[in-house]
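The values are calculated or read from the model by the stated rules, or taken from the named source; none is laboratory data. Bear in mind that the values here come from a model prediction, so they are computed numbers and not experimental data. Note that each Cβ is placed from the backbone with ideal geometry, even for glycine, and that neighbours are counted across all protein chains shown. Keep in mind that these areas ignore ligands, DNA and RNA; they rest on the heavy atoms of the full protein, side chains included. Shrake-Rupley method; radii C 1.70, N 1.55, O 1.52, S 1.80 Å.
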Amino acid sequence: MTLVVLDPDGRYAAGCPRWLADAGEELHLVTGRAGAHPGFAEVSVVERYEQGAGAELAVLASAARRPVRAVVAIAPGDQLRAACLRERFGLPGRTREAALALADSMAAHALLARARIATTPRAEVRRVADLYWWAHQWGYPLVIRRRRGPDRPVVAEPADEAALGAAVAGGLLPADPAAVPSLTVEPALMVEPRRDVDLPLPGALPVDPGHPYVVETVRGPDGDRRVHAVRYAPESRPARALVRAQAGIDPLSSEVL
(Lines give C-alpha, C1' and ligand atoms only; values in the text may rest on other atoms or scores of the structure.)
Protein backbone atom coordinates (compact mmCIF):
# COMPACT_ATOMS: atom_id res chain seq x y z
CA MET A 1 0.00 0.00 0.00
CA THR A 2 1.08 3.57 -0.60
CA LEU A 3 0.09 7.08 0.41
CA VAL A 4 0.18 9.57 -2.46
CA VAL A 5 1.12 13.17 -1.71
CA LEU A 6 0.34 15.82 -4.33
CA ASP A 7 2.37 19.01 -3.98
CA PRO A 8 3.04 21.33 -6.93
CA ASP A 9 6.02 23.20 -5.51
CA GLY A 10 7.20 21.18 -2.51
CA ARG A 11 5.73 23.63 -0.02
CA TYR A 12 4.13 20.92 2.12
CA ALA A 13 6.08 17.84 1.07
CA ALA A 14 9.11 18.37 3.30
CA GLY A 15 7.08 17.78 6.48
CA CYS A 16 5.05 14.81 5.24
CA PRO A 17 7.59 12.02 5.95
CA ARG A 18 7.79 13.22 9.56
CA TRP A 19 4.05 13.84 9.96
CA LEU A 20 3.20 10.44 8.46
CA ALA A 21 5.99 8.43 10.07
CA ASP A 22 3.50 6.30 11.99
CA ALA A 23 1.29 5.59 8.97
CA GLY A 24 3.10 2.35 8.13
CA GLU A 25 2.87 3.03 4.39
CA GLU A 26 5.33 3.98 1.66
CA LEU A 27 5.02 7.58 0.51
CA HIS A 28 4.84 8.58 -3.15
CA LEU A 29 5.34 12.28 -3.89
CA VAL A 30 3.95 13.73 -7.12
CA THR A 31 5.31 17.25 -7.61
CA GLY A 32 6.31 19.84 -10.14
CA ARG A 33 9.58 20.69 -8.36
CA ALA A 34 12.70 18.72 -9.15
CA GLY A 35 15.34 18.18 -6.48
CA ALA A 36 15.92 16.13 -3.34
CA HIS A 37 12.81 14.96 -1.48
CA PRO A 38 14.07 12.81 1.40
CA GLY A 39 11.69 10.45 3.13
CA PHE A 40 9.70 9.45 0.05
CA ALA A 41 9.94 5.94 -1.37
CA GLU A 42 9.01 7.26 -4.82
CA VAL A 43 9.07 10.74 -6.37
CA SER A 44 7.42 11.62 -9.67
CA VAL A 45 8.41 15.04 -11.04
CA VAL A 46 5.81 16.24 -13.53
CA GLU A 47 6.52 18.93 -16.10
CA ARG A 48 3.77 21.52 -16.50
CA TYR A 49 2.25 20.20 -13.28
CA GLU A 50 -0.51 22.80 -13.09
CA GLN A 51 -1.55 22.70 -16.75
CA GLY A 52 -1.70 19.08 -17.84
CA ALA A 53 -2.84 15.68 -16.59
CA GLY A 54 0.69 14.49 -15.79
CA ALA A 55 0.06 14.38 -12.03
CA GLU A 56 -3.02 12.18 -12.42
CA LEU A 57 -1.21 9.88 -14.86
CA ALA A 58 1.70 9.49 -12.42
CA VAL A 59 -0.70 8.43 -9.66
CA LEU A 60 -2.51 5.99 -11.95
CA ALA A 61 0.83 4.46 -12.98
CA SER A 62 1.81 4.04 -9.34
CA ALA A 63 -1.58 2.48 -8.52
CA ALA A 64 -1.00 -0.13 -11.23
CA ARG A 65 2.01 -1.35 -9.24
CA ARG A 66 0.58 -1.19 -5.71
CA PRO A 67 -2.72 -0.10 -4.15
CA VAL A 68 -3.21 3.51 -3.08
CA ARG A 69 -4.64 3.88 0.43
CA ALA A 70 -5.04 7.66 0.52
CA VAL A 71 -4.41 10.77 -1.57
CA VAL A 72 -3.09 13.78 0.38
CA ALA A 73 -3.31 17.25 -1.15
CA ILE A 74 -3.18 20.65 0.59
CA ALA A 75 -2.62 23.15 -2.24
CA PRO A 76 -5.88 24.71 -3.51
CA GLY A 77 -5.10 23.82 -7.11
CA ASP A 78 -4.84 20.12 -6.23
CA GLN A 79 -8.23 19.74 -4.56
CA LEU A 80 -10.23 18.78 -7.63
CA ARG A 81 -7.62 16.38 -9.05
CA ALA A 82 -7.21 14.72 -5.64
CA ALA A 83 -10.98 14.32 -5.28
CA CYS A 84 -11.23 12.76 -8.75
CA LEU A 85 -8.45 10.32 -7.87
CA ARG A 86 -10.18 9.36 -4.62
CA GLU A 87 -13.38 8.61 -6.52
CA ARG A 88 -11.41 6.63 -9.09
CA PHE A 89 -9.92 4.42 -6.35
CA GLY A 90 -13.01 4.35 -4.11
CA LEU A 91 -11.22 6.15 -1.26
CA PRO A 92 -12.80 8.23 1.51
CA GLY A 93 -12.33 11.99 1.60
CA ARG A 94 -13.59 15.03 -0.21
CA THR A 95 -15.68 14.20 -3.26
CA ARG A 96 -15.35 15.70 -6.71
CA GLU A 97 -18.63 17.61 -6.30
CA ALA A 98 -17.56 19.16 -2.99
CA ALA A 99 -14.10 20.03 -4.31
CA LEU A 100 -15.62 21.67 -7.38
CA ALA A 101 -17.98 23.70 -5.21
CA LEU A 102 -15.06 25.11 -3.24
CA ALA A 103 -13.15 25.94 -6.43
CA ASP A 104 -15.98 27.33 -8.59
CA SER A 105 -18.43 29.90 -7.22
CA MET A 106 -21.23 28.96 -9.65
CA ALA A 107 -20.86 25.26 -8.79
CA ALA A 108 -21.18 26.24 -5.12
CA HIS A 109 -24.26 28.31 -5.92
CA ALA A 110 -25.92 25.36 -7.67
CA LEU A 111 -25.04 22.94 -4.87
CA LEU A 112 -26.43 25.26 -2.19
CA ALA A 113 -29.62 25.90 -4.17
CA ARG A 114 -30.15 22.16 -4.56
CA ALA A 115 -29.81 21.79 -0.79
CA ARG A 116 -32.34 24.65 -0.31
CA ILE A 117 -29.79 26.86 1.43
CA ALA A 118 -30.43 30.58 0.88
CA THR A 119 -27.71 32.45 -1.02
CA THR A 120 -26.99 35.98 -2.16
CA PRO A 121 -27.52 36.65 -5.89
CA ARG A 122 -24.75 35.72 -8.32
CA ALA A 123 -24.76 35.00 -12.05
CA GLU A 124 -22.37 33.65 -14.65
CA VAL A 125 -21.01 36.09 -17.23
CA ARG A 126 -20.85 34.70 -20.77
CA ARG A 127 -21.14 37.85 -22.85
CA VAL A 128 -21.26 41.64 -22.49
CA ALA A 129 -25.06 41.64 -22.64
CA ASP A 130 -25.16 39.60 -19.39
CA LEU A 131 -23.59 42.47 -17.47
CA TYR A 132 -26.17 44.98 -18.68
CA TRP A 133 -29.01 42.52 -18.10
CA TRP A 134 -28.05 41.99 -14.47
CA ALA A 135 -27.41 45.70 -13.96
CA HIS A 136 -31.02 46.24 -15.09
CA GLN A 137 -32.24 43.55 -12.67
CA TRP A 138 -30.18 44.53 -9.63
CA GLY A 139 -29.04 48.08 -10.19
CA TYR A 140 -25.57 49.43 -9.38
CA PRO A 141 -22.97 49.04 -7.99
CA LEU A 142 -22.05 45.63 -9.37
CA VAL A 143 -19.13 43.39 -8.43
CA ILE A 144 -17.45 41.35 -11.18
CA ARG A 145 -15.20 38.55 -9.95
CA ARG A 146 -13.12 35.67 -11.17
CA ARG A 147 -15.35 32.61 -11.11
CA ARG A 148 -12.75 30.05 -10.04
CA GLY A 149 -9.94 29.76 -7.52
CA PRO A 150 -9.78 30.10 -3.74
CA ASP A 151 -9.75 33.92 -3.74
CA ARG A 152 -11.98 34.87 -6.70
CA PRO A 153 -10.68 38.43 -6.75
CA VAL A 154 -12.77 41.40 -7.80
CA VAL A 155 -11.78 42.50 -11.33
CA ALA A 156 -14.21 45.41 -11.63
CA GLU A 157 -16.76 47.17 -9.44
CA PRO A 158 -18.73 49.52 -11.70
CA ALA A 159 -20.79 52.07 -9.81
CA ASP A 160 -22.88 53.08 -12.83
CA GLU A 161 -23.42 52.37 -16.51
CA ALA A 162 -20.60 54.67 -17.60
CA ALA A 163 -18.14 52.78 -15.36
CA LEU A 164 -19.39 49.45 -16.69
CA GLY A 165 -18.93 50.65 -20.26
CA ALA A 166 -15.39 51.81 -19.47
CA ALA A 167 -14.56 48.44 -17.89
CA VAL A 168 -15.85 46.57 -20.94
CA ALA A 169 -13.96 48.89 -23.30
CA GLY A 170 -10.82 48.36 -21.22
CA GLY A 171 -10.71 44.64 -22.00
CA LEU A 172 -12.78 43.13 -19.17
CA LEU A 173 -14.06 40.38 -21.48
CA PRO A 174 -12.16 38.37 -24.11
CA ALA A 175 -11.90 40.01 -27.53
CA ASP A 176 -12.88 36.70 -29.16
CA PRO A 177 -16.70 36.44 -28.94
CA ALA A 178 -16.42 32.63 -28.96
CA ALA A 179 -14.35 32.64 -25.77
CA VAL A 180 -16.33 32.27 -22.54
CA PRO A 181 -14.95 34.47 -19.74
CA SER A 182 -14.45 32.89 -16.33
CA LEU A 183 -16.31 35.66 -14.52
CA THR A 184 -19.36 36.17 -12.32
CA VAL A 185 -21.43 39.23 -11.48
CA GLU A 186 -23.31 40.06 -8.29
CA PRO A 187 -24.79 43.06 -6.48
CA ALA A 188 -22.28 44.80 -4.24
CA LEU A 189 -22.63 43.93 -0.56
CA MET A 190 -23.51 46.81 1.71
CA VAL A 191 -22.08 45.05 4.80
CA GLU A 192 -18.96 43.04 5.55
CA PRO A 193 -19.78 39.31 5.45
CA ARG A 194 -19.38 37.13 8.49
CA ARG A 195 -16.80 34.36 8.06
CA ASP A 196 -17.06 30.98 9.77
CA VAL A 197 -14.81 27.94 9.37
CA ASP A 198 -16.64 24.66 8.66
CA LEU A 199 -20.10 26.15 9.17
CA PRO A 200 -22.50 23.21 8.65
CA LEU A 201 -24.23 23.32 5.26
CA PRO A 202 -26.61 20.34 5.48
CA GLY A 203 -27.10 18.56 2.21
CA ALA A 204 -24.35 20.56 0.50
CA LEU A 205 -20.91 20.35 2.11
CA PRO A 206 -20.03 17.85 4.83
CA VAL A 207 -17.62 18.97 7.55
CA ASP A 208 -14.27 17.26 6.95
CA PRO A 209 -11.30 17.88 9.28
CA GLY A 210 -8.89 17.27 6.41
CA HIS A 211 -10.52 19.80 4.08
CA PRO A 212 -11.64 22.90 6.00
CA TYR A 213 -13.69 25.57 4.29
CA VAL A 214 -14.80 29.12 5.09
CA VAL A 215 -18.41 30.19 4.69
CA GLU A 216 -19.20 33.89 4.17
CA THR A 217 -22.73 34.88 5.16
CA VAL A 218 -24.77 38.09 5.28
CA ARG A 219 -28.29 38.85 6.48
CA GLY A 220 -30.92 39.12 3.78
CA PRO A 221 -33.78 41.65 3.61
CA ASP A 222 -36.01 39.39 5.70
CA GLY A 223 -33.34 38.98 8.39
CA ASP A 224 -32.33 35.42 7.49
CA ARG A 225 -28.66 34.60 7.01
CA ARG A 226 -27.64 33.86 3.43
CA VAL A 227 -24.48 32.28 2.10
CA HIS A 228 -22.41 34.68 0.02
CA ALA A 229 -19.41 32.42 -0.68
CA VAL A 230 -17.71 29.18 0.33
CA ARG A 231 -13.99 28.66 -0.09
CA TYR A 232 -11.42 26.00 0.67
CA ALA A 233 -9.40 27.32 3.63
CA PRO A 234 -6.22 25.32 4.35
CA GLU A 235 -4.79 28.30 6.24
CA SER A 236 -7.34 27.72 9.01
CA ARG A 237 -5.60 24.50 10.17
CA PRO A 238 -1.96 23.50 10.70
CA ALA A 239 -0.62 21.69 7.63
CA ARG A 240 0.36 18.71 9.79
CA ALA A 241 -3.24 18.24 10.96
CA LEU A 242 -4.58 18.43 7.40
CA VAL A 243 -2.02 15.92 6.10
CA ARG A 244 -2.74 13.42 8.87
CA ALA A 245 -6.51 13.77 8.57
CA GLN A 246 -6.39 13.18 4.81
CA ALA A 247 -4.20 10.13 5.40
CA GLY A 248 -6.79 8.76 7.83
CA ILE A 249 -4.64 9.27 10.93
CA ASP A 250 -5.67 11.13 14.09
CA PRO A 251 -4.81 14.76 13.23
CA LEU A 252 -4.76 15.76 16.89
CA SER A 253 -2.09 13.30 17.95
CA SER A 254 0.63 15.07 19.95
CA GLU A 255 3.18 12.39 19.19
CA VAL A 256 4.02 13.74 15.73
CA LEU A 257 5.23 17.36 15.68
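Answer yes or no as to whether ALA156 is open to solvent by less than 30 Å² (accessible area, probe 1.4 Å), assigned by the TED database to the domain that holds GLY139 and over 19 Å from ALA99 (Cα atoms). Yes.
Consider VAL46 carefully, then state whether it is among the β-branched types (Val, Ile, Thr) and either in the same structural domain as LEU173 (by the TED database) or more than 20 Å from GLU25 (Cα to Cα) (or both).
yes
Of the helices (runs of 4 or more DSSP H) contained entirely in segment 89-191, those carrying at least 2 residues that are touching a Ser or Thr at 6+ places or on another chain (Cβ under 8 Å), within 18 Å of VAL227 (Cβ to Cβ) and small (Gly, Ala, Ser) fall at 105-114.
Within segment 81-118, being over 24 Å from GLU25 (Cβ atoms), touching a residue at least 12 places away in the same chain (Cβ under 8 Å) and either open to solvent by 30 Å² or more (accessible area, probe 1.4 Å) or of a type in the set (Val, Ile, Thr) (or both) holds for GLU97, LEU100, ALA103, MET106, HIS109, ARG114, ARG116, ILE117, ALA118. When each of PRO181, PRO150, PRO177 is tested for being out of contact with any strand residue (DSSP E or B) (no Cβ under 9 Å at 6 or more places or on another chain) and touching a residue at least 40 places away in the same chain (Cβ under 8 Å), the lone residue that passes is PRO177. In segment 205-225, is there at least one residue being in contact with an Asp or Glu (Cβ under 9 Å, 6 or more places away or on another chain), part of a helix (DSSP H, G or I) and either without any contact (Cβ under 8 Å) to a residue 12 or more places away in the chain or among the hydroxyl-bearing types (Ser, Thr, Tyr) (or both)? For segment 205-225, residues in contact with an Asp or Glu (Cβ under 9 Å, 6 or more places away or on another chain), part of a helix (DSSP H, G or I) and either without any contact (Cβ under 8 Å) to a residue 12 or more places away in the chain or among the hydroxyl-bearing types (Ser, Thr, Tyr) (or both): absent. Residues in segment 173-191 that are at pLDDT 90 or above and either open to solvent by less than 70 Å² (accessible area, probe 1.4 Å) or within 18 Å of ALA129 (Cβ to Cβ) (or both): SER182, LEU183, THR184, VAL185, GLU186, PRO187, ALA188, LEU189. Listed by position, the strands (runs of 3 or more DSSP E) inside segment 17-77 whose residues that are free of Cβ contacts under 8 Å to residues at least 60 places away in the same chain and touching a helix residue (DSSP H, G or I) at 6+ places or on another chain (Cβ under 8 Å) number at least 3 are 26-31.
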